[in-house]
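Enquirer: Just dropping this structure here.
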Amino acid sequence: MRRTSVFEIAAASAAVLLAHLAGRQLGLAERIEAAWRAATGGAASELLLPALALAVATVWIAARRVGAAQRAVEVCERRYEERTRNRERELETRKLEALGTFAGGIAHEFNNALVSVLGYGELLRERLERDTPEREDLETMLTAARRTRDLVIQILTFSGKARVQPRRIDLDEVTTNAIALARASFPERVAIRHLRAPAPLYCVIDPQQIELVLLQLCRNAADALPPDGGTITVELDRRTRLPEADGDAEPLPPGSYACLQVSDNGVGMDAATCERIFEPFYTTKQPGEGTGLGLSVVHGIVRRAGGAIDVESRPGEGTTVRVYLPVISTDAAKENSGELPSSGGSRRILLVEDEMRNARLAQRILERAGYEVHWCALPDEALAMLDLRAHEFDLLLTDIVMPGISGLELVRRFKAQRPEAPALVVTGHNDVDTEQRVRAAGGDGLVAKPFTRKQLLRPVARLLEAASAPRPGGAPVLNDDTGR
């Protein structure tokens with residue numbers, strides 16, 4: 001009879017042991033043990049089987065302990081990764097809080113200075129002929145000032161402290177204005193191709209924020225172009241639903257949407273980068289060249305407006321970004337066209353501003369529109385004027401931060417004497433908290449610094465028109481809409 005090798009006996013013993021441990025209830029143990037006896041011919045000592053089984057059992061138990069240890073290590077690794085992610089999220093939250101505090105602190109000073117730069121720059125531009133070196137230099141200065149203003153708005157928006165003013169706008173008109181700003185700020189190597197919508201597209205969104213969205217997308221596209229230049233294509237069109245080709249876009253309810261598309265023929269991005277571009281503080285630029293906030297701000301603005309954003313890109317083939325915004329009917333848009341009056345008539349405005357350069361700017365803008373403006377540099381001077389001639393003023397236009405009493409206290413006292421007359425507050429603190437304090441003080445609207453001619457004249461005209469509109473009972477009514 002053939003002699004059984006030690007290896008055969010060990011293998012058979014292992015089979016028996018495993019069968020006893022794992023398959024006894026299935027009746028496998030007896031079958032495997034019979035197979036072992038058949039393999040060994042029953043020649044081995046009966047003590048050999050338990051001995052080998054004990055050795056294999058020892059190895060098997062050790063293996064189980066190693067497996068348990070490995071599983072424990074995996075659990076610890078997962079918990080460590082989870083704690084790391086939680087710490088990173090906590091750090092991001094603290095960053096946002098710090099950014100909000102920082103932005104709120106610098107917004108007033110920055111915007112107060114930008115009032116003069118942008119305001120007087122626009123007045124000067126009206127007196128300069130086109131295509132002159134002086135006009136080009138001025139446009140460069142204004143572009144730099146607008147980018148500084150946009151940076152403050154970005155930080156405020158991202159930190160959740162920006163005061164959003166959505167209103168009905170013609171998206172095609174706002175897009176055209178933003179592209180003009182982009183062309184003035186980009187070098188000659190960057191060409192912008194503009195494909196306008198065949199018909200007006202009206203949406204409800206803050207016009208300043210949609211300008212910020214388009215300018216940010218154009219800047220990113222320009223940065224992605226090769227050194228010798230390239231082309232950015234901006235296209236606006238209406239789409240009744242998201243086409244199948246845009247399957248990666250965020251889901252939207254059925255309806256009619258304006259599609260703002262920005263394409264470039266730059267370096268493009270891989271799929272991994274596309275997935276992260278909307279993350280806060282994520283940037284592909286070199287240190288010091290980007291904040292990582294731009295596209296995150298863009299995404300937040302679009303989502304708050306009820307829209308969606310889609311990115312399509314491949315390395316070496318350029319990038320296409322599509323922004324979808326809900327469209328409203330033409331009839332609804334006509335209710336808020338935002339046209340400025342041709343003349344202020346005989347309306348009198350009490351202007352209170354301690355910064356002379358800002359006061360002179362506001363006064364010139366208002367007087368050019370036909371208003372009669374009386375300027376007071378200090379709140380105490382304005383209070384003395386109100387005690388004598390409060391009935392002569394149709395509107396109060398005041399700054400918030402001034403020596404002595406604040407502009408909000410001045411609004412309260414003005415309303416106590418002229419409750420039917422509107423009060424408009426000008427401030428560099430363009431955030432939600434400031435707006436709430438203005439409303440609580442009885443103010444009828446807020447103008448954010450830095451302001452343009454239209455941004456100042458539109459709320460003034462609407463408040464005065466609303467104040468003179470009779471109620472059914474004969475009393476005047478104040479309009480809450482300051483041009484949103």
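Enquirer: For each of Val311, Val447, count neighbouring Cβ atoms within 10 Å of the residue's Cβ, then give the residues from fewest to most. The partial results should precede the final answer.
Expert: Details: Val311 17, Val447 21.
With the sparsest Cβ surroundings first, the list reads Val311, Val447.
Enquirer: Suppose each label sits 7 Å from its Cα in the direction of the beta carbon; what would the Asp237-Glu465 distance come out to in nanometres?
Expert: Between Asp237 and Glu465, the simple spin-label model gives 3.6 nm.
Enquirer: Expected output is a single nm value to one decimal: the length gained when fully extending between Asp137 and Asn177, i.e. 0.36 nm times separation in residues minus the C-alpha distance. What is it?
Expert: 12.5 nm
Enquirer: Of Pro422, Gln436, Val411, whose Cα points farthest to the positive end of the dipole of region 370-455 (charges on the beta-carbon: +1 Lys, Arg; -1 Asp, Glu; origin at the Cα centre)?
Expert: Gln436
Enquirer: For each of Arg347, Arg412, Arg147, Arg85, count neighbouring Cβ atoms within 10 Å of the residue's Cβ, then give the residues from fewest to most.
Expert: Least to most surrounded, the residues fall as Arg85, Arg147, Arg412, Arg347.
Enquirer: Apply the Karplus curve 6.51 cos²θ - 1.76 cosθ + 1.60, θ = phi - 60°, to the phi angles in region 433-448 and return the couplings in whole Hz, x for Gly and Pro.
Expert: Values, residue by residue: 4, 5, 4, 5, 5, 5, 5, 4, 7, x, x, 9, x, 9, 10, 8 Hz.
Enquirer: Still on this model: Quick one: Tyr120, Tyr80, fewest Cβ neighbours within 10 Å first, how do they rank?
Expert: Fewest-to-most Cβ neighbours within 10 Å comes out as Tyr80, Tyr120.
Enquirer: Moving to a separate point now. Using a cut-off of under 14 Å, list every residue of region 420-460 whose amide N is near the label point 7 Å from the Cα of Met385 along the Cα-to-beta-carbon line.
Expert: Hits in region 420-460 for Met385 at 14 Å: 424.
Only the coordinates and a few stated rules stand behind these numbers; no lab work does. The structure presented is a predicted model; accordingly, all values stated were derived computationally and were not measured. Heads up, the Cβs are rebuilt from the backbone with ideal geometry, glycines too, and the neighbour counts pull from every protein chain shown.
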